[in-house]
Amino acid sequence: MSVDLTNTALLLVDLQNDFLHPQGAYGRGGQGCADIAALPARLAPLAQAFRANGGVVIATLFTLVPGRGGEPIISPHLKQMRPFLTCGDFAPGSWGQAVVDELQPVDASIEKLAYSAFYMTRLDWLLRKLEITHLVVGGIVTNGGVASTVRDAHVRDIEVTVLSNGCAAFSPEVHRVSIDALRPVAKVMSVEDFIKALNK
């Protein structure tokens, strides 16, 4: 496999302080996960390789928009699953919303409100302006933001490579099943194999 970085972008899905950092919203809520915590160190060499070769690194930022009185607007299903989320978590421009330090800097960031990074965002516009036709996707969670974004890219005729060990879910089995379910709509490669392809 050869990779043309003039039309390829690395898309980092929701690798944010509020999800991953021990002092972030999920850490404070006792929702840490070793597989998820390991992703920044695994993906950092790939992000560095993209930068070194003139590639584009884009990050999606899950965002809770402040509503009345500054309280975050949280969808009912998320509030039921994550009752610990509170005012200031994933707020626009906050430390918690930002990409973790290990993966900085990014070339562009996309605030997102739901699972798919294409839903009510400027991602499609940005990819067209940058002439990106191939996305390399890593991040969290495999069965949520990653899967929804990959499928939405597929219906837009965007080529997608999913990084099998560059994504994670709260359950290894859920991750495995989700990766297998994406094989009809995306290539699946490890981070290490993609770096080798970049260096060919």
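Readers should treat all values here as calculations from the given coordinates under stated rules, not as data from a laboratory. Owing to the predicted nature of the structure, the values given are computational and were not obtained by experimental measurement. A quick note on method: Cβ atoms are made from the backbone with ideal geometry, for glycine too, and the neighbour counts reach across all protein chains shown.
Key figures for this structure:
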| quantity | calculated |
| --- | --- |
| Selection from Ala44, Leu103, Tyr115, by position along the positive dipole direction of the chain (Cβ) | Tyr115 |
| Cβ-defined net charge surrounding Asn7, 12 Å radius [Lys, Arg +1; Asp, Glu -1] | -2 |
| Residue among Ala34, Val13, Ile158 farthest towards the positive dipole end of region 8-198, charges placed on Cβ | Ile158 |
| Helix runs (DSSP H) in the chain reaching 18 Å along axis by Cα, Kyte-Doolittle at least -1.0 | 39-52 |
| Sequence-separation-based contact order of the chain, relative, with Cα cut under 8 Å and 6+ spacing, percent | 26 |
| Dipole magnitude (debye, nearest 20) for the chain, charges at Cβ of Lys, Arg, Asp, Glu | 180 |
| Net charge dipole size for region 132-193 [Lys, Arg +1 and Asp, Glu -1 on Cβ; Debye, nearest 20] | 120 |
